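Undergrad: I'd like to ask you about the structure that follows.
The values are calculated or read from the model by the stated rules, or taken from the named source; none is laboratory data. Just so you know, these numbers come straight off a predicted model, no measurement behind them. Cβ placement follows ideal geometry from the backbone for every residue including glycine, while neighbour counts extend to all protein chains displayed.
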Amino acid sequence: SNAPVKVAVTGAAGQICYSLLFRIASGALLGPTQPVELRLLEITPALKALEGVVMELDDCAFPLLSSVEIGDDATQVFDGVNLAMLVGARPRSKGMERSDLLEANGAIFTAQGKALNDHAADDVKVLVTGNPANTNALIAMTNAPDIPHHRFNALTRLDHNRALTQVAQKAGVPVAEVTHMTIWGNHSATQYPDLFHTEISGRNAAEVIDDQAWVEQDFLPTVQKRGAAIIEARGASSAASAANATVEHMRDWVTGTPEGDWISMAVPSDGSYGVPEGLISSFPCTVTDGEYSIVQGLEIDDFSRGKIDATVAELAEERDAVRSLGLI
Ligand code: NAX
């Protein structure tokens with residue numbers, strides 16, 4: 001059917017959404033024949049700025065954009081939504097303790113989880129981009145008991161894409177030649193971009209590159225600290241690339257992954273690869289018919305095991321912290 005798909009986006013007046021909304025409305029998310037209805041959530045003081053963004057959406061005259069609704073009440077904005085992109089979050093301000101940050105975001109993601117639980121469409125898929133993305137997704141998921149857990153994902157696709165390009169540039173090949181990239185764990189500086197299953201033109205990337213010093217001293221820190229490097233260079237955090245990754249994750253979740261490749265998605269662990277069940281951790285995933293599965297059977301050597309364990313330990317600490325705050 002060509003009924004519009006209802007797409008909710010939060011943080012809609014922020015900088016990521018200034019790219020994201022236009023990509024969705026142009027058809028980059030659901031293809032060139034699928035109309036979309038945008039449902040945009042913001043906090044009250046940002047609604048005026050959001051009205052300006054809606055004026056610009058109007059001024060694009062996108063043929064696929066059937067309507068736009070805005071508001072500051074999640075229960076209304078999320079009513080009947082099929083896809084929800086949770087981008088808005090509370091940034092860490094100067095002097096803010098880590099527990100304050102978790103608590104401020106906890107308030108946002110408990111409320112939004114409940115609103116999705118009570119008002120979203122039965123088929124809703126929820127993708128969290130707002131940081132700390134994995135733990136915010138865990139909070140939303142836990143506060144939405146009627147929505148199956150596997151409908152809650154967090155974004156590590158930006159890290160995945162960053163890693164693809166680093167490998168392509170090192171090997172001197174077009175980025176499309178690089179496949180089977182995996183980001184493991186948390187979307188944070190502890191994430192583990194895994195070169196040992198990556199392929200360059202179908203050959204093992206670690207063998208093609210054959211430079212363990214580059215992997216440890218260049219590749220890993222470059223990908224892990226890329227967000228900070230963008231801030232340093234641009235004076236603002238990654239926005240267009242984060243929007244692109246948000247579109248690509250949700251697009252692949254809806255329409256499927258390419259035959260013979262996989263992508264990185266942070267999904268609730270089923271215990272695969274020793275990641276404790278329930279943590280929202282990044283894994284190699286494929287998608288068929290709108291359902292993802294974690295790629296099984298990859299061999300994990302000691303180097304990778306240590307890196308995966310470290311990032312998963314951080315996720316467990318975040319979970320314990322939000323649990324002790326009563327958020328999950
Ligand atoms: P901005 O500060 O430009 O925009 C965030 C917007 O969210 C603001 O307009 C704010 O009013 C709104 N907001 C706050 N609380 C809200 C609520 N309860 N309901 C609805 N809207 C609310 O940040 P931006 O650069 O757009 O980044 C958004 C989030 O993405 C941040 O948490 C950021 O850390 C995170 N990122 C995540 C990435 C990832 O790969 N997972 C990478 C990029 C980015 O750093």
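Undergrad: Anything in segment 14-31 that is surrounded by fewer than 24 Cβ atoms within 10 Å (Cβ to Cβ), within 16 Å of the ligand (Cβ to nearest atom) and without any contact (Cβ under 8 Å) to a residue 60 or more places away in the chain? List them, or say none.
TA: 22
Conditions (1) under 20 Å from residue 284 (Cβ atoms); (2) assigned by TED's automatic domain parsing to the domain that holds residue 286; (3) in contact (Cβ under 8 Å) with a residue 60 or more places away in the chain, marked per residue:
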{"residue": "177", "(1), (2), (3)": "yes, yes, no"}
{"residue": "181", "(1), (2), (3)": "yes, yes, yes"}
{"residue": "217", "(1), (2), (3)": "no, yes, no"}
{"residue": "225", "(1), (2), (3)": "no, yes, no"}
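Undergrad: Of the conditions (1) more than 10 Å from the ligand (Cβ to nearest atom); (2) out of contact with any His (no Cβ under 6 Å at 6 or more places or on another chain); (3) more than 23 Å from residue 322 (Cβ to Cβ), residue 79 clears all except one; give me its number.
TA: For residue 79, the failing item is (2).
Undergrad: Could you tell me how many of the residues in segment 141-170 are under 18 Å from residue 91 (Cβ atoms) and either in contact with a strand residue (DSSP E or B) (Cβ under 7 Å, 6 or more places away or on another chain) or at pLDDT below 95 (or both)?
TA: Adding up the residues that qualify gives 2.
Undergrad: Could you list, in sequence order, all residues of segment 226-247 that are near the ligand (Cβ under 8 Å from one of its atoms) and in contact with a Lys or Arg (Cβ under 7 Å, 6 or more places away or on another chain)?
TA: 245, the sole residue that qualifies.
Undergrad: From the list 63, 35, pick out the single residue that is surrounded by 15 or more Cβ atoms within 10 Å (Cβ to Cβ) and more than 14 Å from the ligand (Cβ to nearest atom).
TA: Matching residue, one of 63, 35: 35.
Undergrad: Now for a separate question. Which one of the conditions (1) more than 16 Å from the chain's Cα centre (by Cα); (2) within 16 Å of the ligand (Cβ to nearest atom); (3) at pLDDT 95 or above does residue 186 fail to meet, given that it meets all the rest?
TA: Among (1) more than 16 Å from the chain's Cα centre (by Cα); (2) within 16 Å of the ligand (Cβ to nearest atom); (3) at pLDDT 95 or above, residue 186 violates only (1).
Undergrad: Checking residue 191 against (1) out of contact with any Leu (no Cβ under 7 Å at 6 or more places or on another chain); (2) within 16 Å of the ligand (Cβ to nearest atom); (3) in the same structural domain as residue 41 (by TED's automatic domain parsing): exactly one of these is not met. Which one?
TA: The one condition residue 191 does not meet is (3).
Undergrad: Taking segment 97-142 as the region of interest, how many residues are among the hydrophobic types (A, V, I, L, M, F, W, C) and away from the ligand (no atom under 13 Å from the Cβ)?
TA: Matching residues across segment 97-142 total 6.
Undergrad: Related question: Within segment 14-46, how many residues are farther than 13 Å from residue 68 by Cβ and over 18 Å from the mean Cα position of the chain (by Cα)?
TA: Residues meeting the conditions: 10.
Undergrad: Residues of segment 75-111 being of a type in the set (S, T, N, Q) and touching a helix residue (DSSP H, G or I) at 6+ places or on another chain (Cβ under 7 Å), which ones?
TA: 75, 99, 105, 110 - these are the residues of segment 75-111 that are of a type in the set (S, T, N, Q) and touching a helix residue (DSSP H, G or I) at 6+ places or on another chain (Cβ under 7 Å).
Undergrad: Could you tell me whether segment 250-262 includes any residue that is in contact with a His (Cβ under 7 Å, 6 or more places away or on another chain) and either closer than 15 Å to residue 180 by Cβ or among the charged types (D, E, K, R) (or both)?
TA: yes
Undergrad: Among the residues of segment 82-96, how many are near the ligand (Cβ under 8 Å from one of its atoms) and modelled with pLDDT of 90 or more?
TA: Residues in segment 82-96 being near the ligand (Cβ under 8 Å from one of its atoms) and modelled with pLDDT of 90 or more: 3 in total.
Undergrad: List every residue pair whose Cβ atoms lie under 7 Å apart, where the two residues are 6 or more positions apart in sequence or sit on different chains, the first residue falls within segment 125-136 and is outside any loop (DSSP other than H, G, I, E, B), and the second residue, located anywhere, is at pLDDT 95 or above and of a type in the set (Lys, Arg).
TA: Qualifying pairs under 7 Å: 125/151; 126/151; 135/319.
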